[in-house]
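The structure appears right after this line, and notes come after that.
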Amino acid sequence: MTQVTIGVRPTKRCLADLSLSLPDLGHPLNEMDDSIVVAAQTVPALRNAGGAQRILSLNDRVWFKVKTRDRRAVVTRLQDDDLPDELPSEVGGWWIGAAGHRQADSPQRDFYESIRRECTDGKTVSTTRLLPVEWDWKRLSAEQAVAWRREMKRLVVHLIAMSLTSGKLAVAEFQNHRIKALVRVDDAHEAYLAIIAEGIPDPKIFALLLDCVPGVTKDDWQPEPSDLAAMEPAPGEIVWSTLFPSEVASAILELDTAQRTRS
């Protein structure tokens, strides 16, 4: 559900090399405003076009050079076997393994030469120390979770706003599941909101969807069928409903408008 982008991420080692402070989890590391990180984002396209400069002395895997006016870095693309199974394809594929300052006045202090020495033992070259470690994968997974929740909240708010304005069921279709929202007013002029899911068997995921509705607490929801909304779930559906005060409805319409304006 979350849009996948191919970013070149700095490793924990690279962040230390560049003396960069960690942003919050809502800010992906590949989007940091640093000249080396920004320059590294061009490497995948350069590689595809045949214009990336390879570091021949690091020959155990393919590494590319990244250069700015006064700094240098090394970038690689991991093989499929190196990637965790739980991440989507292409996520976490590209990494900045290390970075440093340009030392043009001294071949002995040249950044790429120092990296070669660091990774060479006799005649054996191993750049394993430059690859992402457990911390890097945990950080990436946490960023993905935050991005998923942010996107789901945007989607749920938009579905509710659509049902509010149309009076009909609003549906978001995905490959293996559906998410729906329905706002209904009964004969006593009380409004109800129902969040409906198909193909989402994990109750934790459904709980996160309910938590995306602003102004409604977890204790306000109840499963259907119930005496509240008297809705009968169709086969394969999970339905939870709540009373839907007018002030919450107004806030959701304003939030949806703001979201669509920003996008």
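A few remarks follow.
- Test: residue in the stretch 242-250 that is at pLDDT 90 or above, of a type in the set (Phe, Trp, Tyr), within 20 Å of residue 185 (Cα to Cα) and outside any loop (DSSP other than H, G, I, E, B): no
- Between 181, 194, 229, the distinction of being at pLDDT below 90, within 12 Å of residue 241 (Cβ to Cβ) and not hydroxyl-bearing (Ser, Thr, Tyr) belongs to 229 only.
- Taken over the stretch 164-175, the criterion of being assigned to a helix (DSSP H, G or I), open to solvent by less than 80 Å² (accessible area, probe 1.4 Å) and in contact (Cβ under 8 Å) with a residue 12 or more places away in the chain is satisfied by 164 alone.
- Pairing each residue of the stretch 134-160 that is touching a residue at least 24 places away in the same chain (Cβ under 8 Å) with any residue that is open to solvent by 60 Å² or more (accessible area, probe 1.4 Å) and in a helix (DSSP H, G or I), provided the two are 6+ apart or on different chains, yields C-beta distances under 6 Å for 135/12; 136/12.
- Taken together, 133, 74, 43 contain a single residue that is on the phi < 0 side of the Ramachandran plot and touching a Leu at 6+ places or on another chain (Cβ under 8 Å), which is 74.
- Selection within the stretch 151-163 - open to solvent by less than 40 Å² (accessible area, probe 1.4 Å) and over 18 Å from residue 239 (Cβ atoms): 157, 161
Residue-wise test of (1) out of contact with any strand residue (DSSP E or B) (no Cβ under 8 Å at 6 or more places or on another chain); (2) under 15 Å from residue 94 (Cβ atoms); (3) open to solvent by less than 70 Å² (accessible area, probe 1.4 Å); (4) touching a residue at least 12 places away in the same chain (Cβ under 8 Å).
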| position | (1), (2), (3), (4) |
| --- | --- |
| 18 | no, no, yes, yes |
| 23 | yes, no, yes, no |
| 33 | yes, no, no, no |
| 37 | no, yes, yes, yes |
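- Screening residue 207 on (1) more than 17 Å from residue 148 (Cβ to Cβ); (2) at pLDDT 85 or above; (3) outside any strand (DSSP E or B) shows it passes everything except condition (1).
- Filter result for the condition that a residue is acidic (Asp, Glu), loosely packed, with under 13 Cβ neighbours inside 10 Å and in contact (Cβ under 8 Å) with a residue 12 or more places away in the chain, over 90, 86: 86
- Residue that is surrounded by the most Cβ atoms within 10 Å (Cβ to Cβ), among those in the stretch 186-216 that are small (Gly, Ala, Ser) and closer than 18 Å to residue 163 by Cα: 194
- Exclusive hit being within 21 Å of residue 216 (Cα to Cα) and either of a type outside the set (Lys, Arg) or part of a helix (DSSP H, G or I) (or both), set 161, 142: 161
- Restricting the stretch 108-150 to residues that are among the basic types (Lys, Arg) and open to solvent by 50 Å² or more (accessible area, probe 1.4 Å), the residue that is farthest from the chain's Cα centre (by Cα): 123
- Among the residues of the stretch 42-54, the one identified as surrounded by fewer than 19 Cβ atoms within 10 Å (Cβ to Cβ) and touching a residue at least 24 places away in the same chain (Cβ under 8 Å) is 47.
The values are calculated or read from the model by the stated rules, or taken from the named source; none is laboratory data. Please read all numbers here as calculations on a predicted model, not as lab measurements. Glycine gets a Cβ as well: all are built from the backbone with ideal geometry, and neighbour counts include every protein chain shown. Quick note on the areas: whole protein, heavy atoms, side chains included, nothing else; ligands and nucleic acids left out. Shrake-Rupley method; radii C 1.70, N 1.55, O 1.52, S 1.80 Å.
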